[in-house]
Amino acid sequence: ADAAQIAAGEVLYNRFCSRCHVMGRGNLPDLRRLAPATHALFNSIVLGGAYSIKGMARFDDVLSPADAQAVHAYLIDQAWQMKQAASPAP
């Protein structure tokens, strides 16, 4: 993703996701630590309600597919930043 898509994803994450999904410790999953299978289902979860049985609301009424991709790009970028921060310096 490019910087503009990541920045847009950050705005959308803070508006729609951060109420429940706090980066770091919290009751709900830290979205920087998504499993590969969850990444593969990201749009189905966010837009299609694939995890509604688990209490995850669907957001297709306020997010477009491009918006969901931007949020996903932001989360991937945050995961990389977290990994790099945890890696020991050479």
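Neighbours of residue 70, meaning other residues whose beta-carbon lies under 13 angstrom from its beta-carbon, give a summed charge of -3 when Lys and Arg score +1 and Asp and Glu score -1. For the chain, adding -39500 (n - 2.57) for each run of n ≥ 4 DSSP H residues and dividing by the number of residues yields -14000 deg cm²/dmol at 222 nm.
If I stretch the segment between residue 37 and residue 66 completely, what's the gain in nm (0.36 nm per residue apart, minus their alpha carbon distance), one decimal?
Details: separation 29, 0.36 × 29 = 10.44 nm, distance 2.01 nm.
Length difference between fully extended and current span is 8.4 nm.
Extension gain for residue 28 to residue 84 (0.36 nm times residue separation, less C-alpha to C-alpha distance): 17.8 nm.
Could you order the peptides 78-85, 28-35 from most to least packed, using the average number of other C-beta atoms within 10 Å per residue? The partial results should precede the final answer.
Values: 78-85: 12.1, 28-35: 15.2.
Highest-to-lowest ranking by the protection proxy: 28-35, 78-85.
Arrange the peptides 2-14, 50-62 so that the one whose residues have, on average, the most other Cβ atoms within 10 Å appears first.
Working: 2-14: 15.5, 50-62: 12.3.
Packing order, densest peptide first, comes out as 2-14, 50-62.
Dividing the Cα radius of gyration by the Kirkwood radius, what Rg/Rh value follows for the chain? Answer for the chain: 0.97.
For the chain, what relative contact order do you get, as a whole percent, if you take Cα pairs closer than 8 Å and at least 6 residues apart? Show your work: numbers first, answer last.
Numbers: 78 pairs, mean separation 33.9, N = 90.
Answer for the chain is 38 percent.
Angle check, please: helix 65-86 long axis (alpha carbons) against the longest principal axis of the chain (alpha carbons), in degrees 0 to 90, nearest 10. Computed tilt is about 30 degrees.
Expected output is a single nm value to one decimal: the length gained when fully extending between residue 53 and residue 2, i.e. 0.36 nm times separation in residues minus the C-alpha distance. What is it? Present the calculation step by step, with values, prior to reporting the outcome.
Values: separation 51, 0.36 × 51 = 18.36 nm, distance 3.34 nm.
Between residue 53 and residue 2, full extension yields an extra 15.0 nm.
For the chain, which whole-number percentage of the solvent-accessible area (1.4 Å probe, protein heavy atoms only) is attributable to carbon and sulfur atoms? C and S atoms contribute 57 percent here.
The values are calculated or read from the model by the stated rules, or taken from the named source; none is laboratory data. Not measured: the values here are computed from a predicted model. Note: ideal-geometry Cβ built from the backbone for every residue, glycine included; neighbour counts use all protein chains shown. We work out accessible area using only protein heavy atoms, side chains counted, and drop any ligands, DNA or RNA first. Shrake-Rupley method; radii C 1.70, N 1.55, O 1.52, S 1.80 Å.
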